[in-house]
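Enquirer: Pasting a structure below so you can have a look.
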Amino acid sequence: MASLTDQLEEVRVNAEGSLSSPSSAQEMRAGVEAMANIPLPPSSKYRCIAAEVMLTENGSGNNRKESLALLQKLSTALNILEKYGSNLTNPSRPKYWRTVKYNNPVFRTTVDSIQGGRAVLNLYGYTNQQQDGLSFPDDVVEPDVGKVASVTLEVMCLRMELDMLTKGTHPHPEFFERLIPSLTVQEEEGLSTDAVVFAPSEKVWDKQTPSPLSSPPQAKSPFSPALSLSSLAPSTQTENCTICGIFPVSAHCPTCTQKLCTECDRLYHSHSGRSTHIRIPVTSSRPTKRLSSSLSTWQCSYCTTVNSMLQVLCETCDRPRLSSAAPSLQEESSQPSTISEWQCKSCTVVNAGSSILCEVCERPRLATRPPAVPPRATPSSSALMDSQWICQFCTYVNRTPSTVCDMCCLSRPEPSISPSKPLPLSPVKDLLPPAATTKATPTEDPDLKRQRLMKEDGLKLIQLIREGEKKGVSPEEVYTSMRVSGNSNVTPYDWLKTELPHVLDEICVMAASCQQEPNGSGGNNGHDGLKGNPVPLSRAEAKRAWLAAGGDNEKAVRQALRDRRVKVKELGSLGFNDATRCEEALRQSGGDVRGALVLLQRPLLEPFHQRMWSEEPEPPIDINHPDKQHVCRRLLAVFDLPSWGRCELILSLLRDPAANYTLEDVVQAVRESPDRDFIRRVLNKECPICLSVFPHSKMRSLTSCQCSVCCGCFQQHFTIAVRDKHIRDMVCPVCTEPDINDPEHLNSYFSTLDIQLRDCLEQEVYELFHKKLTEQALIKDPKFLWCSHCSYGFIYDDDQLKVTCSQCRKSFCAQCKKTWEPQHMGLSCEQFQLWKRENDPEYQRQGLAGYLRDNGITCPNCRFQYALARGGCMHFSCSQCRYQFCSGCNNPFHTTCAVNQCTVTGLHAHHPRDCLFYLRDWEPARLQALLQKKGVNYNTETAPGAQTGVCGVIEQKDEGPRPTDSPCGAQTQPGQAGLCDKHYREYLVSLINGHSIDPALLFTMDELTVACRRYHVDITLLDREDEQTHFSRLLKKLMDDVPLGDKVLRKK
């Protein structure tokens, strides 16, 4: 036969396994019940929680009734602790399972109101003490489910034993009677909680001693005319609801093994997971208090109130005599599957669904509304009803003239007209003879008097508090002074001014005397006394404790010393272990921990303050200092580094004998990344110009490319470019980026370059750079003109064609840029050129060479004109703005192409099909045929007086270090108007371009195919399409979809 200890261990293991794993509630309850029924004392049964201490501290009363009430309160607190443990062992824990808040009304009224409640929470794992509650430590991710299950099991077992003890069904109550002696004291017969209330006419000998062995009597009808003496004997103990513990059981659920009252059953089984449970109705075994048959009474089947036979309605619930009992489970209305809020039946406040107690009246969630007390019958009741009315929301009695409640400020409802309720007839009234009617003096109702006095006291206190706020007195001081001063005629403010300082001095003296006693009543209450000379309390500390104690000086002394010890301990945890210094700092700061901390830290910060306010310069950081931590601290403070490891990394890099770094360079590199290899790459950058090694901070780079050069090379390159070169030569010295021909890119590039050169160049060079930038911007102005004589630029606002240069004082035409002649006055540029061909011998002698010179190259960017031919290389670079373009079609040359689907790399331009770039390969006869097809005349004969045999067209030649302008000098051909073959083709192409003739008219099939591919025209041969039709379709598609050059010069 196994011993009781072995049985306990076996039951404990099974129950803990059921609790820590998902199992049914029936199995869990069976395990707890088996553990509770094992006949062992609490000291042997409970090994996790201090059961005996909790029973002794929370259950000791003056008599058995008081002890049972205290144990019932302990059982309620254990029920809440059980829910905390069940939440922790549940796999789907609540969202805020890590903390328990003190301000929770359920926690405050249950767990926190008993001794040992927080100790159980500490066993669960809530060991981190906070100002507003308890929580798990930060390093704990999950609770210890095994330990929590053990503690929860003992809490559930102890609660079950307490429930059985309070109900009188515990198999071994002697275990608890040894711990709580008051449980063995028998109550007086008239004060027993199980006594039946008898009518005044009953005899004393009609009472019978209840026998635990007697069976419960059969329930009789409340209308039975005769009552036997045996019916007066009380039945066995009525079993209450397992949830609320207040109301009797009305239903039993076999599925969840719960015995519930009507209200708890409705709420508990309204959940969607428990709505399908089948409940068995249970007839209440509560003994019916039956009265003598001579009184002719009847009992209400709804509220069990005994009424007189003359009463038709129940005196308590106003239900008819023949009404049925309370509605059963089947009659209950269906409830929603989830309850998000509930309304208190006492004060009608709507509370959250998770709260158990009402936020206003703190009544339980399942508590019914207290029955209305019928008013006492007084002679002046009718007069009082006429002059007073009761608010149906807060039950406050108001005066009749007022239509708004003085307490809750709600309007008085309109009285409904209803038949008056018949007053019950007293049986004594029929027996006694009618007495002489005497005029009774009206007496005030005690409840009304109490409410009136409470209201007057409250209004008086509010008035005093408002006056105190005006005088700078807190409400706590006003209330406490009123309690201490009593009913004296001295106002609270005068008492606080005259008497409070003496009271505070008395508290300080009492505290000093208690501090000198090592084990005094005001000392540490069993802890070690304050060592050394105790520091007296300040008036601020004494006042704070006096307010907290409610004006009790002795409690204030204990509270002040207790607060002093807690604050000294808090300062000790911050590193200040000298208790005397901590107490002195607290005294000087009036008990404020922050102020005391400032006073304690001030001497420690004195050297730092002296060094901060010293006029001597800060000594440099000595990298070779023997104290490594000292150097790291200096680095951390001076350079504001993110971590201690970065400081150690800087120190290791600077102490490397093979490295030649400066402190600032290493700090900047370490701030970017803690990777040592990355830092070495950053500190060892090679300049591509001078091939020297520099750190990344000593390198400069432009925004247009990824190249980096050292600061010296960067400054030297841009200084030379500003002084000796054009503004468009100020590009990257390594990759010559960006593309100068892109105007949008150029503007953003120079705006960024201006910021970089501001601190790099000398002031004189930087001003020259700004001057060239200004000239570059003026070129784009449509009123800007270049002088055709001296290449001087200026803004011309006049509308006249004759322009005089302010630099060389020579005149020229503002449109055609030709030297001004008197014959130009009144003629357009075309008319003046025609006049010169007909009347100027010099112009006639030059022939087509003069024509090509007059129609020379014009820069499309700055509009500067060159009297040069277009033959030769089509890539032309303007000497004024360095704009690179094609001299045949004026399209820009660039390396970064913006045309979609372009596959050409390097320097190139996209020429149209009528550009000289393509037509210069045509023979002169083919070009003449194209002109003849459109009826355009052209010259073939040499002009009279012109030089024969040698072409005299001026062109730009690369001879020497810089390009020069000189005559062509090539041999002329017969029939080409005294020009060489190259310049005669240029002449014919200028006529084709001037008359907008499309050269595609003379394309062959191969030339048409190449042109279509160049301009992305589909050349797919259609079905049943011959070559001629295909050629015609492609030619039409090319001429329609691909226009001629938009920048080619045309005749107006």
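The values are calculated or read from the model by the stated rules, or taken from the named source; none is laboratory data. Quick caveat, the model's predicted, so the values are computed rather than measured. Note that each Cβ is placed from the backbone with ideal geometry, even for glycine, and that neighbours are counted across all protein chains shown. Surface areas here come from the heavy atoms of the whole protein model, side chains and all, with no ligands, DNA or RNA. Shrake-Rupley method; radii C 1.70, N 1.55, O 1.52, S 1.80 Å.
Enquirer: On the protein heavy atoms, probe 1.4 angstrom, tell me the percent of accessible surface of the range 64-142 carried by carbon and sulfur.
Expert: Of the solvent-accessible surface of the range 64-142, carbon and sulfur hold 50 percent.
Enquirer: Testing the spin-label approximation: label points 7 Å from Cα along Cα→Cβ at residue 129 and residue 456. State their distance in nm.
Expert: Distance between the two pseudo-spin positions: 4.7 nm.
Enquirer: Give, rounded to the nearest 20 debye, the magnitude of the charge dipole that the range 766-837 has about its Cα centre when Lys and Arg contribute +1 at Cβ and Asp and Glu contribute -1 at Cβ.
Expert: 300
Enquirer: Another question, if that's okay. Report the gain in length on full extension from residue 319 to residue 735: 0.36 nm times residue separation, minus Cα-Cα distance, nm rounded to one decimal. Let's see the in-between values first.
Expert: Values: separation 416, 0.36 × 416 = 149.76 nm, distance 10.34 nm.
Result for the pair: 139.4 nm of gain on full extension.
Enquirer: Given Cβ point charges of +1 (Lys, Arg) and -1 (Asp, Glu) and nothing else, what value in debye, to the nearest 20, does the dipole of the range 10-133 about its Cα centre take?
Expert: Computed charge dipole of the range 10-133: roughly 300 debye.
Enquirer: Give the calculated FRET efficiency between residue 648 and residue 680 to the nearest 0.05, with a Förster radius of 22 Å applied to their Cβ-Cβ distance.
Expert: After rounding to 0.05, the efficiency reads 0.85.
Enquirer: Percent of accessible area on the range 646-734 owned by carbon and sulfur, 1.4 Å probe?
Expert: In the range 646-734, the share of accessible area belonging to carbon and sulfur is 47 percent.
Enquirer: If you don't mind, there's one more thing I want to ask. List the residues, sorted by chain then number, that are 5 or more residues from residue 914 or on another chain and whose placed amide H is less than 5 Å from its amide H.
Expert: Residues meeting the amide H criterion: 1045.
Enquirer: Grab the beta carbon distance between residue 1025 and residue 821, set R0 = 56 Å, and tell me the FRET efficiency rounded to 0.05. Mind dumping the intermediate values first?
Expert: On the way: r = 60 Å, r/R0 = 1.08.
Once rounded, the FRET efficiency stands at 0.40.
Enquirer: Please turn the phi angles of the range 599-616 into ³J(HN,Hα) values with the Karplus equation 6.51 cos²θ - 1.76 cosθ + 1.60 (θ = phi - 60°), one per residue in order, whole Hz, x for glycine and proline.
Expert: Using θ = phi - 60°, the values come out as 5, 6, 7, 4, x, 6, 8, 4, x, 5, 5, 4, 5, 5, 8, 6, 7, 6 Hz.
Enquirer: Kindly state, to the nearest 0.05, the FRET efficiency for residue 274 paired with residue 72, given R0 = 22 Å and r defined as their beta-carbon distance. All intermediate terms of the calculation are to be shown ahead of the outcome.
Expert: Working: r = 27 Å, r/R0 = 1.22.
Taking R0 as 22 Å, the efficiency between residue 274 and residue 72 is 0.25.
Enquirer: If you put +1 on each Lys and Arg Cβ and -1 on each Asp and Glu Cβ, how big is the dipole of the range 612-757 around its Cα centre, in Debye rounded to 20?
Expert: Details: 15 positive and 21 negative charges, 70 e Å.
Computed charge dipole of the range 612-757: roughly 340 debye.
Enquirer: Please give every one of the aspartates and glutamates within straight-line cross-link reach of residue 628, meaning a C-alpha to C-alpha distance under 18 Å, and leave out same-chain neighbours fewer than 8 residues apart.
Expert: 640, 648, 656
Enquirer: For each pair in 345/555; 95/455; 45/73; 783/1037; 780/934, compute the distance between the two Cα atoms and list the pairs where it is over 32 Å. Write down the numbers at each step before the final one.
Expert: Values: 345/555 40 Å; 95/455 44 Å; 45/73 22 Å; 783/1037 41 Å; 780/934 37 Å.
The pairs that break the limit, which is 32 Å between Cα atoms, are 345/555; 95/455; 783/1037; 780/934.
Enquirer: For residue 1040 and residue 305 in one chain, what is 0.36 nm times their gap in residues minus the Cα-Cα distance, to one decimal in nm?
Expert: This chain segment gains 253.8 nm when fully extended.
Enquirer: Beyond a 23 Å Cα-Cα separation, which of these cross-linked pairs lie in this structure: 725/818; 470/497; 725/771?
Expert: 725/818
Enquirer: Per-residue HN-Hα couplings for the range 555-567, Karplus 6.51 cos²θ - 1.76 cosθ + 1.60 at θ = phi - 60°, whole Hz, x for Gly and Pro?
Expert: Computed from phi, the couplings for the range 555-567 are 5, 5, 5, 5, 5, 5, 5, 5, 5, 4, 5, 5, 6 Hz.
Enquirer: Sticking with this one: What does the charge count around residue 795 come to, taking other residues whose C-beta lies under 11 Å from its C-beta (Lys +1, Arg +1, Asp -1, Glu -1)?
Expert: After counting each charged neighbour, the total is -2.
Enquirer: Using a ≥ b ≥ c from the Cα gyration tensor of the range 1-84 (square roots of the eigenvalues), is it rounded, prolate or oblate, where a/c under 1.5 gives rounded and otherwise the larger of a/b and b/c decides, a/b for prolate? Could the numbers behind the result be given before it?
Expert: On the way: a/c = 2.43, a/b = 1.51, b/c = 1.61.
Note, shape of the range 1-84 comes out oblate.
Enquirer: In addition: Quick check: net charge around residue 693, other residues with Cβ under 14 Å of its Cβ, Lys/Arg +1 and Asp/Glu -1?
Expert: Here the count lands on +2.
Enquirer: Among 179, 135, 151, whose Cα projects farthest towards the positive end of the dipole of the range 103-180, with charges put on the beta-carbon of Lys, Arg (+1) and Asp, Glu (-1)?
Expert: Among 179, 135, 151, the one farthest towards the positive end of the dipole of the range 103-180 is 179.
Enquirer: Under 16 Å Cα to Cα from residue 147, which aspartates and glutamates show up? Leave out anything in the same chain fewer than 8 places away.
Expert: Correct list for residue 147: 9, 16, 82.
Enquirer: If Lys and Arg each add +1 and Asp and Glu each add -1, what is the summed charge of the other residues whose beta carbon sits under 9 Å from the beta carbon of residue 239?
Expert: That works out to +2.
Enquirer: Each label point is 7 Å from the Cα along the Cα-to-Cβ direction; what then is the distance between the points at residue 834 and residue 570, in nm?
Expert: 10.5
Enquirer: Turning to a different aspect of this structure: Which far-off residues, 5 or more places away or on another chain, put their amide H under 5 Å from the one on residue 395, with H placed in the peptide plane?
Expert: The list, which skips near neighbours in sequence, is empty: none.
Enquirer: State, to one decimal in nm, how far the label point of residue 516 lies from the label point of residue 1047, with both points 7 Å from Cα in the Cβ direction.
Expert: 10.6
Enquirer: Length gain on complete extension for the stretch residue 351 to residue 758, per 0.36 nm per residue less the alpha carbon to alpha carbon distance?
Expert: Extra length available between residue 351 and residue 758 comes to 139.5 nm.
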